[in-house]
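> First, the structure itself, so that you have it in front of you.
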Amino acid sequence: MSGVAIGIDVGGTKALALLVARDGRVLGEMVSQTPHDEGFGAGEATTKVLVEQVNELCERQSLDSALVPVGLGLPGMMRRDGHLAFAPNLQTAAGADLGALLGSALANASVFCENDANCAALAEHEWGAGRGIGDFVMVTLGTGIGGGIIADGQLVRGRSGFAGEIGHMVVEAHGAPCPCGGRGCWERYASGGGLHRLTREAALEGRLATLVERCGGEPKRVRAEDVTAAAAEGLDEAVALLREVGWWLALGLANLAAILDCGHFVIGGGLSSASEFVLPAAREHLAELVEGYDARPTITVTTSMFGPRSGAMGATLVAVEVA
Ligand SMILES: [Zn+2]
């Protein structure tokens, strides 16, 4: 079988491996826990899991694991030489060259790495919500915010490979502290982690009175999940908080539109349960936040087509592109 590749999205808690045909069909799938490399050299335990995944997916289709191109999508700043330079969510593998470790373990010369959100952007551009669109930004809303920028039909990698770290645009000077060491980063406001933080803040300030009451009068017990569930039931205070997240989302998108003149945003990641309220609010607020909104062609905000699979799918394209 030719024209297939394996893509693995290596997250902080789990690794999703897919065997994908060149036309985007998913032929095999395997999910494993990401280990925490304690007691091993950087990346060793993680590499062991990735080797198992590649071998398993290849065995199922009678493929030679030394010959199938493999792409890794990694959560952090990827240097162009394949090293993971800065990864707050995968610290045990930071500094490791997982691509080289995996390549040598499999005796496979076609193993390549890319930032996970960049992979997602490639997948959506090739087969999904960004297909046929030359200028768009993939925005993944998870614990933080990842970004992949497509400009003139190409992924923007930047000088060192670090382009697209959009979650760390500062949207509030002297704002909430961020794991990156900065303050007021966009991802502290408009991601799943941001929703969690804003929930805590709103509960303590008395803006979630009904939810606090449901949690026995204890503001600290109100969780982000309670807000999304209550919003789905139509509770006004919960809807208002999700709309606030939508405003913060729109603020970052407006900054990106000002810099890049992109007309399209593809939103992916784990905050999708809240997207019913967050995305419409973001679309409405864009009109007031984007410079010269009325002078521009319509700016669209859509959800990703492949959801949590887009990173692994796009990683196969990285492998095929450079193999
Ligand atoms: Zn930050």
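> Please identify, among Gly43, Gly103, Gly206, the residue showing maximal mean-square fluctuation in a Gaussian network model of the chain using a 10 angstrom Cα cutoff.
With Cα springs under 10 Å in the chain, the top fluctuation among Gly43, Gly103, Gly206 is at Gly206.
> Here's a follow-up. Cα atoms only, the chain: Rg and Dmax in Å?
20.2, 61
> Of the residues Arg183, Arg296, Arg131, which exhibits the maximal mean-square fluctuation in a Gaussian network model of the chain defined by a 10 Å Cα contact cut-off?
Arg296
> Let me ask another. Give the separation of the Cα centroids, region 302-316 to region 122-168, in Å.
11 Å
> Short version: ³J(HN,Hα) in whole Hz for each residue of region 94-110, in order, from phi by Karplus 6.51 cos²θ - 1.76 cosθ + 1.60 (θ = phi - 60°), x for Gly and Pro, what are they?
The phi angles translate into 4, x, 7, 9, 4, x, 5, 4, 5, x, 6, 5, 9, 6, 10, 7, 10 Hz.
> List the residues of region 135-173 whose backbone N lies under 19 Å from a point placed 7 Å from the Cα of Thr303 along the Cα-to-Cβ direction.
The answer is 137-146.
> Label points 7 Å out from Cα along the Cβ direction at Arg131 and Glu29: separation in nm?
Distance between label points: 1.9 nm.
> Tell me the mean residue ellipticity at 222 nm calculated for the chain from its helices only (DSSP H runs of n ≥ 4, each -39500 (n - 2.57), averaged over every residue, nearest 500).
-12000 deg cm²/dmol
> In a GNM of the chain with a 10 Å cut-off on Cα contacts, which of Gly216, Gly11, Gly158 has the highest mean-square fluctuation?
The residue with the greatest mean-square fluctuation here is Gly216.
> Once phi is turned into ³J(HN,Hα) by the Karplus curve 6.51 cos²θ - 1.76 cosθ + 1.60 with θ = phi - 60°, what whole-Hz value does each residue of region 55-71 show in order, with x for glycine and proline?
4, 5, 5, 6, 4, 4, 10, 6, 9, 8, 5, 7, 10, 7, x, 10, x
> Over region 132-304, with a single point scatterer placed on each C-alpha, what log10 of the ratio I(q)/I(0) does the Debye formula yield at q = 0.09 1/Å?
Those come out to -0.31, one per q.
> Could you pull out every residue, at least 5 positions away or on a different chain, whose amide H is within less than 5 Å of the one on Phe112? Hs are placed 1.01 Å off N in the peptide plane, and Pro or chain starts have none.
Answer set, sorted by chain and number: Val70, Gly71, Leu72.
All of the numbers you see were taken from the coordinates with simple rules; none came from a lab. From a predicted model like this one, the values you see are computed outputs, not experimental measurements. No Cβ is skipped: glycine too gets one built from the backbone with ideal geometry, and neighbour counts run over all protein chains shown.
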